[in-house]
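Accompanying notes for the structure given below.
The values are calculated or read from the model by the stated rules, or taken from the named source; none is laboratory data. On a predicted model such as this, the values are computed, not experimentally measured, just so you know. Cβ placement follows ideal geometry from the backbone for every residue including glycine, while neighbour counts extend to all protein chains displayed.
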Amino acid sequence: MKRRNFVLSGGALATISLTLTGTMAGFVDSVTANANFQIVPNAGDVETTLETIPTSANQPSTHTWEFTGLEIEADVDTITVVYPTGTSFDGLSNKEITVELDRSGDGSTKEVKVNKDTYGGRSATFDLAGNFNTNIMGTAVVTIEGIENPDGGIYEPELSFETATETFSFTAEMGITDDTAFYEPEIIDAPSVVTAGDSFTADYTVTNTGNGPGNQTITVSAGDSEESTTKALDSSDSYSDTFSYTTSEADSPAVDLVVATEDTTATQEITVAGAWSLDLNPAKQNSSSIHTWTTGFVDYQGEVDEIRVNYPGGKQGASLDGLTNEDVTVEITRDGENSPTDIRVNSDTYAGSTATFDLSGNFNTDIDGEVIVRIDGVENPKKGDYSADITLIGNDQTTTYTVSFTI
């Protein structure tokens, strides 16, 4: 005996049981000629399943819809699937769609061709070829290869079989797991201050903190140096390595150490100390020139009491003859400051190729950033390549730095 649901005019629903040899005459006689009715599958008789492989969020997947106990006597013309937002058919065509139908009721299915088409977005309609019988007498299987899963969550997408006059819609639960990889970098050990010209090493670790395996490129950089490697990591696995870099004066006042994955980055600023530069304006031989000494940062302990400059001397050397403290400007970025402060230089006169600038004791002169020493009126030496020294003098530390320049 078969059970059928009948939709009557006005939306009424009647259920009758028919023997295999019985006819519908008695039922038809019991309703008026104007009572429009249609046969629809009994929802309780149809088992609907949706298998997704893999179930990973935002990953290409194969979705297999399977229906058992489904009977649609008329030919199915189209099949429409509607998925939740985030699901994507983009790039798929009829070649990725397989439709198999049991048309005789013997439990075996045969593939039905899907007409040529392309799909996009979160829904698609598959047009079945008209040269096939497309009734369903038990089992239907619809396979979609390459559809992109939405974000993780529980969803109920819908699939509908459409004949010339009827639509039969079914939903199935779809569980999507957010098991994508996430590569989290961490700088384990790196110096905070490096003297310009020195090398440093940094230890770092990258951990896959996601719920699934990954394969990503890891890039480590500092200044003009960069290294990359690609690593496959299972969930919770880590990769560790050491990066080396040689600093230069060009890195002053600081260089950024960056460990980057395709997901995020870890950054540490490393101060490059002791890198002094000397700018001459003009840099012409035997000309009166403004000499500007600058450094982005000096790793200096305590306060600076005096600053001494020492140029190449001799008959054809540099000369500070006739200069006074009025020609000297000293600026120091101190602890807690973001820019240099003008520090007064005590009254004095200078001569020869060496001069010491005595800083006023009314100022704190600890260093925590850029330092600028500007001397207006130095007589340049003759044409050639030279080096000059600048020395920071204090009760706790005296340090000399050498800078090259060209006339």
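Over 29 Å from Pro381 (Cβ atoms), part of a strand (DSSP E or B) and without any contact (Cβ under 8 Å) to a residue 40 or more places away in the chain - does that describe any residue in segment 269-292? For segment 269-292, residues over 29 Å from Pro381 (Cβ atoms), part of a strand (DSSP E or B) and without any contact (Cβ under 8 Å) to a residue 40 or more places away in the chain: present. Of all the listed residues (Asp106, Asp90), the sole one being under 23 Å from Ser61 (Cβ atoms) and assigned to a loop (DSSP other than H, G, I, E, B) is Asp90.
Do we find that Thr139 is more than 30 Å from Tyr300 (Cβ to Cβ), outside the structural domain of Ser104 (by TED's automatic domain parsing) and touching an Asp or Glu at 6+ places or on another chain (Cβ under 9 Å) in this structure?
Working: more than 30 Å from Tyr300 (Cβ to Cβ): yes; outside the structural domain of Ser104 (by TED's automatic domain parsing): no; touching an Asp or Glu at 6+ places or on another chain (Cβ under 9 Å): yes.
No.
Residues that are free of Cβ contacts under 8 Å to residues at least 60 places away in the same chain, touching an Asp or Glu at 6+ places or on another chain (Cβ under 9 Å) and surrounded by 15 or more Cβ atoms within 10 Å (Cβ to Cβ): does segment 71-84 have at least one?
Just the residues of segment 71-84 that are free of Cβ contacts under 8 Å to residues at least 60 places away in the same chain, to begin with: none.
No, every residue in segment 71-84 fails to be free of Cβ contacts under 8 Å to residues at least 60 places away in the same chain, touching an Asp or Glu at 6+ places or on another chain (Cβ under 9 Å) and surrounded by 15 or more Cβ atoms within 10 Å (Cβ to Cβ).
Looking only at residues of segment 143-182 that are assigned to a loop (DSSP other than H, G, I, E, B) and hydrophobic (A, V, I, L, M, F, W, C), we find that the one that is nearest to Val112 (Cα to Cα) is Ala164.
Yes/no per residue for (1) part of a loop (DSSP other than H, G, I, E, B); (2) surrounded by 13 or more Cβ atoms within 10 Å (Cβ to Cβ); (3) charged (D, E, K, R):
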site	(1), (2), (3)
Gly197	yes, yes, no
Asp203	no, yes, yes
Val206	no, yes, no
Thr219	no, yes, no
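Quick one: is Glu66 surrounded by fewer than 16 Cβ atoms within 10 Å (Cβ to Cβ), out of contact with any Lys or Arg (no Cβ under 7 Å at 6 or more places or on another chain), in the same structural domain as Ile154 (by TED's automatic domain parsing) and at pLDDT 85 or above? In short, no.
Check every one of the strands (runs of 3 or more DSSP E) wholly within segment 221-263 and list those with 2 or more residues that are within 24 Å of Gly197 (Cβ to Cβ) and among the aromatic types (Phe, Trp, Tyr). Let's see the steps before the verdict.
On the way: elements: 225-233, 238-246, 254-260.
Output list reads 238-246.
The numbered conditions (1) of a type in the set (Val, Ile, Thr); (2) surrounded by fewer than 19 Cβ atoms within 10 Å (Cβ to Cβ); (3) over 48 Å from the mean Cα position of the chain (by Cα) are all true for Ile372 except (3). Which residue, of Thr85, Thr55, Thr49, Thr78, is among the polar types (S, T, N, Q) and either touching a Pro at 6+ places or on another chain (Cβ under 8 Å) or at pLDDT below 85 (or both)? After ruling out the rest, the residue left standing is Thr85.
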